[in-house]
Structures are given as C-alpha cells and as structure tokens.
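J.: Submitted below is the structure of interest, expressed as structure tokens.
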Amino acid sequence: MRAFTDQLLASGVRHVVVCPGSRSTPLTLVFARDRRWRAWLHIDERSAGYFALGLARQLGEPVALLCSSGTAAANFLPAVVEASLLRVPLLVLTADRPPELRDVGAAQTIDQVRMFGSHARWAIDMTPADGTPELERAARGVAARAAATSMAAPAGPVHVNFPFREPLLERAVADPLPPAGRPIAVTRSVVAPTPEAIRGFVEAARGKRGLIVAGPEAGGLPAALLTEVARALGWPVLADPLSGLRTGTHDLDGVVETYDVLARATAFVRELLPEVTLRLGAAPTSKALNVWLAGHPAIDSWVVDVEGAWREPDATVSTMLRGDATSVCRALLEALAPGDGAEASWLDRWRAANAVTAHALRAAADALDEPFEGRAPLELAAALPEGATLVVGNSMPVRDVDTFMPRLGRRVRIEGTRGASGIDGVVSTAVGAAAAGDGPVVLLIGDLSFLHDLNGLWAVNRHDLNLTVLLVNNDGGGIFHFLPQAELAADAFEEWWGTPHGLDLGQAVALHGGHHVRLEGASGWAGAIAAALGRPGLQVLELRTERVRNVELHRQVIGLATRALEAALADEAAGVGGRAAGVAR
Ligand SMILES: Cc1ncc(C[n+]2csc(CCOP(=O)(O)OP(=O)(O)O)c2C)c(N)n1
Ligand SMILES: [Mg+2]
C-alpha cells in the first residue's frame with residue numbers, strides 16, 4: 001500500500017476523503033496515520049464524492065476518495081459522472097473482495113471491476129497485494145499513471161479497485177516498510193493548436209463581426225488572455241457566469257452579461273447578428289442565447305476544445321479548433337495583427353445594448369416590493385468579498401445568476417455543477433470547496449436540492465468549516481413552472497412537478513448545528529449575507545418565495561428590460577440620442 005500512497009503524494013495528491021468500512025482498512029490506516037495526508041472523514045459516500053469534487057476543483061489538483069466494497073462504491077457514481085463531464089480530477093479508490101470471493105454470494109460484494117464504465121478516464125483492478133517488490137513497483141506505476149491521467153486534458157475521474165484478503169489488520173500493520181524504489185515523475189504536455197488551425201481562424205475572422213462565447217469551465221477559462229484576444233478582434237465576450245469571465249480583475253470593458261435578455265429581443269438580434277463566433281468552454285447556460293445562435297446556421301461557428309471532446313449539443317459547429325484554451329489564446333494573440341478586428345462600431349453597439357439592458361434589469365428588479373428570486377444574485381454581487389467563491393445550484397439558481405448577476409471587477413469565483421446538472425450533490429460540492437480553505441464560500445441553492453444532500457451538511461461542523469448558504473425556499477421545484485407541463489398537465493402538475501415537501505428546513509440546519517436566519521422584505525439582504533460571512537460554521541439564510549408568483553415576476557422583469565432595450569433601439573433608429581447612443585447605429 002505504501003508504494004501506492006507514497007507515489008500519490010509524489011504525484012502531488014495531498015487530500016483524501018475517506019468513508020468508513022472494514023474492507024478498506026489497509027488504505028484507511030495509511031491515510032489516517034501518515035500525517036502527510038490531509039484525510040477528510042465523510043459518512044455518506046454520495047456526499048463524499050461531491051465533497052471531493054468540490055475540493056479538487058477549488059484546489060485544481062486531484063483528490064483521492066476511498067470507500068469500502070459494495071453499494072458504498074456504487075454511491076460514488078453521481079460524483080464520478082459529474083467529475084467526468086465537469087473535467088475535475090478525482091482518484092476513486094474502492095476496496096473489494098479478492099477474486100476468489102467474487103460472484104459467490106460473499107457479503108457486501110458486488111461486481112466493481114470497471115463499475116463506472118465510460119465515466120472513468122481509466123480504470124484498473126489491482127492484484128491483491130502480497131508484499132512482494134514486484135507488486136509494490138507495479139502499484140507505484142498505477143498510482144503515477146492514475147494521478148497523471150486524472151489531470152491530463154480533459155481532466156476527470158480515474159478508478160482503482162483494490163482487492164484485499166483477510167486478515168486486513170495484520171496486513172496493514174505488517175505493511176509500513178518504506179517502499180522500494182524512487183517516485184515516478186510524469187511530465188504533462190500542452191495541447192497546442194496547429195499553426196494552420198490558427199491561420200484558418202484568423203482568416204475567417206478578419207474584419208468580421210464576431211462574438212466570443214465564454215461558456216462554463218470548471219476553474220474558469222484564462223480570463224486575461226481571452227479578453228486580450230477579444231480586444232484584438234474587436235468582439236464582445238458573452239460571459240457565462242461559470243466561465244470565469246464575468247467576474248475578476250481582467251478587462252471587463254467588452255464583457256457582456258445580459259445576453260440572456262438581449263437574445264430574446266427580436267429587434268436586437270436582427271441588428272446584431274454575428275458572422276463568426278468563437279466559443280470556449282461548454283455550451284452556455286442560457287437557453288435564449290443557444291436558441292438564437294443555433295437558429296442561424298450561416299454563422300461560421302468555431303469551438304475550441306481538446307482532442308476527444310465534443311461539447312456541441314446544438315450541432316452547429318463549422319470548425320472544431322483543437323487545443324486547450326490557454327494555448328489557443330496565446331497562439332491567437334501572436335497571430336492577430338492590428339487591423340484584423342471588426343469595425344469599432346460593432347463592439348460599441350454591443351456595449352451600449354448591454355449597458356441599457358443591465359440598467360433596465362436592475363431598475364425592474366429594484367421596483368419590486370415583494371421577494372423575487374432574481375434578486376438573490378444582485379444582493380450576492382453587493383456582498384461577496386474579494387477572494388470569495390459562489391457555488392450555484394442547478395435549477396433556477398444558476399439561471400438566475402446567469403440572467404441577473406452583473407459583471408464584478410473583483411476576484412470572485414463562480415462555480416456550478418453543470419456537467420450533468422444534478423441536484424444531488426450541490427451542498428457537498430460547496431462544502432468541499434470550503435474545505436480548500438481558499439477564501440469564503442457561499443452556496444446559492446434551491447430547497448429540493450438542499451434537501452437532496454442534507455447529509456452533506458454534516459461535514460461542515462465535523463471539519464470546522466465555514467459555509468454560508470443562501471437557500472431559496474419555494475417549497476418545491478420552481479423551475480418546472482416555466483415548462484409547458486405547468487399548463488398542459490395542470491391537473492397533475494402541483495403533485496408531480498411542483499412537489500411541495502412542506503418541511504421546516506430550519507430544523508435540518510439545527511440538526512447540523514448551523515445558524516438559521518430568514519431573509520425578510522424585497523431587498524437589502526446584502527448586509528445579512530455579509531454578516532453571515534463574518535460568522536463561523538454553517539450559516540443558512542432562507543429566502544421564502546412562491547413558485548407561481550416567481551414565474552410572473554420573472555416575466556415582468558425580463559419583459560421590462562426587453563422593452564427598454566427595444567425602445568432604445570427605436571430611439572436610436574429615429575436619431576434620438578441619450579443612453580442608448582450607438583446601440584443600433
Ligand atoms: C439528481 C436529480 N434528480 C432530479 C433532477 C430533475 N430536477 C431538475 S430541477 C429540479 C427541481 C429543483 O428544485 P429546487 O432545488 O428547489 O430549485 P427550484 O427549481 O425551486 O429553483 C429537479 C427535481 C435533477 N436535475 N437531478
Ligand atoms: Mg425550490
């Protein structure tokens with residue numbers, strides 16, 4: 001075991017999340033006794049998996065995950081799926097029965113060989129350790145390869161299955177001999193684009209009206225480089241909140257955050273249709289943006305991604321530009337010459353439209369005198385300090401952050417779990433991020449998602465962590481009210497989609513030793529958020545809203561913003577100056 005775990009350390013792995021069990025004893029003892037490891041105990045494997053994912057993403061390094069045999073391992077699946085799609089390095093270590101006890105009715109024994117299927121970048125079933133130097137050397141190689149594979153682009157989960165024979169304990173005690181041999185070094189390659197590909201793009205883009213679409217990317221895209229590329233092209237950057245481009249100390253001048261509204265404004269999309277797009281990161285969260293761009297197959301659409309990946313759900317790509325985001329940006333900056341960019345009015349019009357829309361959205365939200373879910377991102381924007389991380393839950397939280405979160409010139413990370421968009425491990429992903437000890441972490445989450453991963457809260461107190469939760473409680477699945485089911489299946493809707501649970505979530509917070517506060521009124525929550533950030537432990541701020549009303553308020557606010565934009569366009573066309581000057585030139 002020591003050859004394996006020592007090599008993991010040599011490969012830069014420092015953290016391991018350990019779930020209790022007997023079969024995993026040999027590895028648990030190493031992680032528990034060897035002080036070079038930061039070992040995190042977790043009770044629930046499903047939560048543990050997401051905790052490891054949140055920690056690994058925050059640190060940008062692989063995190064190991066250990067459990068016993070049987071369904072314990074199966075409970076890692078959701079986090080393995082998410083890590084694969086989100087491209088987060090995880091080292092999944094599962095204990096197993098030795099081969100002679102498999103498929104013969106032995107207790108707590110299931111088929112674990114390659115059990116994560118295509119969701120693992122690499123999987124191996126180890127030979128039961130017998131202390132011989134040959135197997136120790138082989139184990140060292142597996143550890144080096146596992147860590148390196150989890151980090152190779154695209155990063156992801158790796159599964160190592162460990163058969164352990166009884167007696168488990170003597171074996172562990174007899175094991176701590178210093179492992180033979182030297183640690184293995186594995187170098188990493190950059191995935192650089194070919195010069196022809198870069199030339200091809202520059203030719204396609206020269207003088208054209210274009211957009212850079214910055215989609216979700218775990219850990220963020222290279223913001224400073226990408227905004228430099230945008231400047232050289234004279235194109236705006238449509239920055240998904242999960243791209244790392246909407247917030248930060250890079251140049252935000254050409255960053256557009258209101259595209260979710262812009263793309264719904266028919267006059268605008270007619271006027272400002274691009275000829276070329278360059279997308280980095282995954283497909284954006286905004287359905288309106290995706291539908292708009294996909295509706296124009298004549299757009300020359302370039303997607304940047306590493307070999308083997310295909311994040312292109314709308315099937316509109318014209319060129320897959322192979323390379324990692326940083327290498328591609330560097331190559332583009334070298335290749336672009338002064339004069340290659342679009343005419344200046346193109347970016348000016350986007351900037352002006354963005355300013356009008358951002359202002360109108362804010363004004364429409366400010367005018368409400370009742371709680372509005374879209375208000376939460378605005379209050380968070382006011383409250384989040386430099387160095388904070390905002391983890392946004394799926395369902396409405398990520399969409400509201402997409403629509404309403406303004407650009408912030410502060411170092412604030414925004415992360416989500418949009419790989420598979422599950423509501424099952426959101427709490428633990430945020431708790432794992434908090435465990436990295438890298439600035440304050442705030443979680444914005446819906447009530448069903450919160451309920452789904454209540455066990456995740458356990459780790460906050462157990463490990464003395466600090467987490468602030470803004471819990472949007474609309475007593476059910478608010479998102480479903482935006483779907484046709486709400487009207488077309490009205491008889492069954494409330495029970496089967498609305499799914500009110502009727503629970504007092506403050507009691508769940510109390511169970512986990514947290515502090516619970518209700519947010520009152522229509523606004524002014526930033527003070528409460530900042531105060532919660534100043535207190536230790538689990539801090540839950542609960543906002544109560546109403547699902548049916550939420551749809552009405554969204555339509556009202558977005559409708560007002562769309563009309564403000566269209567009025568500005570009309571004024572501009574009629575030659576009236578003012579705020580919108582330049583929108584529709
Ligand atoms: C594990 C999992 N189960 C079910 C779903 C389907 N689903 C998507 S959103 C949603 C409702 C989420 O409700 P809540 O967290 O309260 O957010 P709200 O819609 O109210 O904003 C459900 C059940 C899912 N995405 N993941
Ligand atoms: Mg809800």
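The values are calculated or read from the model by the stated rules, or taken from the named source; none is laboratory data. Values in this document were obtained by computation on a predicted structure and should not be read as measured data. Please note: Cβ atoms are built from the backbone with ideal geometry, for glycine as well, and neighbour counts cover all protein chains shown.
J.: Hey, can you tell me all the residues within region 544-557 that are away from ligand 1 (no atom under 13 Å from the Cβ) and crowded, with 22+ Cβ neighbours inside 10 Å?
T.: Val557
J.: From Asp348, Asp340, grab the single residue that is of a type in the set (Asp, Glu), away from ligand 2 (no atom under 16 Å from the Cβ), in a loop (DSSP other than H, G, I, E, B) and at pLDDT 95 or above.
T.: After ruling out the rest, the residue left standing is Asp340.
J.: If I ask for residues that are within 23 Å of Arg399 (Cα to Cα), surrounded by fewer than 21 Cβ atoms within 10 Å (Cβ to Cβ) and not hydrophobic (A, V, I, L, M, F, W, C), which ones from region 255-272 would you list?
T.: Arg264, Thr266
J.: Name the residues in region 477-508 that are within 16 Å of ligand 2 (Cβ to nearest atom) and either among the hydroxyl-bearing types (Ser, Thr, Tyr) or within 24 Å of Val431 (Cβ to Cβ) (or both), would you?
T.: If the condition is that a residue be within 16 Å of ligand 2 (Cβ to nearest atom) and either among the hydroxyl-bearing types (Ser, Thr, Tyr) or within 24 Å of Val431 (Cβ to Cβ) (or both), then Gly477, Gly478, Ile479, Thr499, His501, Leu503, Asp504, Leu505, Gly506, Ala508 are the ones that fit.
J.: Quick test of your reading of the structure: Thr94 fulfils all but one of (1) more than 25 Å from Gly437 (Cα to Cα); (2) part of a helix (DSSP H, G or I); (3) among the polar types (S, T, N, Q). Name the failing condition by number.
T.: The one condition Thr94 does not meet is (2).
J.: Next question. Given (1) within 15 Å of ligand 2 (Cβ to nearest atom); (2) more than 22 Å from the chain's Cα centre (by Cα); (3) closer than 19 Å to Leu390 by Cα, where does Trp525 come up short, assuming only one miss?
T.: The failed condition is (1).
J.: Here's a follow-up. Take the conditions away from ligand 1 (no atom under 16 Å from the Cβ) and basic (Lys, Arg) and apply them to Arg462. Does it pass?
T.: yes
J.: Any residue in region 99-127 that's touching a residue at least 40 places away in the same chain (Cβ under 8 Å): show its pairings with residues that are assigned to a helix (DSSP H, G or I) and exposed (fewer than 13 other Cβ atoms within 10 Å of the Cβ) at Cβ separation under 9 Å, as long as the two are six or more apart or on different chains.
T.: Gln108/Thr71; Ile110/Thr71
J.: Also, I was wondering about something else. Please state which one of Phe31, Phe51 is modelled with pLDDT of 95 or more, touching a His at 6+ places or on another chain (Cβ under 7 Å) and not acidic (Asp, Glu).
T.: On inspection, the qualifying residue turns out to be Phe51.
J.: Condition check: under 29 Å from Ala192 (Cα atoms) and assigned to a loop (DSSP other than H, G, I, E, B). Does Ala331 satisfy that?
T.: When the stated conditions are applied, Ala331 does not pass them.
J.: (1) within 13 Å of ligand 1 (Cβ to nearest atom); (2) within 16 Å of the chain's Cα centre (by Cα); (3) more than 23 Å from Asp251 (Cβ to Cβ): which one isn't true of Val401, the others all being true?
T.: (3)
J.: While we're looking at this one, here's another question. Being closer than 18 Å to Gln112 by Cβ, at pLDDT 95 or above, among the hydroxyl-bearing types (Ser, Thr, Tyr) and more than 17 Å from the chain's Cα centre (by Cα) is the requirement here; does Ser11 meet it?
T.: Answer is no for this residue.
J.: Could you check, for region 111-132, whether at least one of its residues is of a type in the set (A, V, I, L, M, F, W, C), more than 20 Å from Tyr50 (Cβ to Cβ) and in contact with a Pro (Cβ under 8 Å, 6 or more places away or on another chain)?
T.: Yes, some residue in region 111-132 is of a type in the set (A, V, I, L, M, F, W, C), more than 20 Å from Tyr50 (Cβ to Cβ) and in contact with a Pro (Cβ under 8 Å, 6 or more places away or on another chain).
J.: Hey, another quick one. Just one of (1) in a loop (DSSP other than H, G, I, E, B); (2) in contact (Cβ under 8 Å) with a residue 24 or more places away in the chain trips up Arg35, so point out which.
T.: (2)
J.: Being within 30 Å of Gly478 (Cα to Cα) and either free of Cβ contacts under 8 Å to residues at least 40 places away in the same chain or buried (at least 21 other Cβ atoms within 10 Å of the Cβ) (or both), is that true of even one residue in region 321-343?
T.: Among the residues of region 321-343, not one is within 30 Å of Gly478 (Cα to Cα) and either free of Cβ contacts under 8 Å to residues at least 40 places away in the same chain or buried (at least 21 other Cβ atoms within 10 Å of the Cβ) (or both), which makes the answer no.
J.: Wholly within region 439-543, which strands (runs of 3 or more DSSP E) include no fewer than the required count, namely at least 1 residues that are surrounded by fewer than 17 Cβ atoms within 10 Å (Cβ to Cβ)?
T.: Correct list: 515-518.
J.: Moving on. Please count how many residues of region 273-315 are at positive phi and buried (at least 22 other Cβ atoms within 10 Å of the Cβ).
T.: Residues meeting the conditions: 1.
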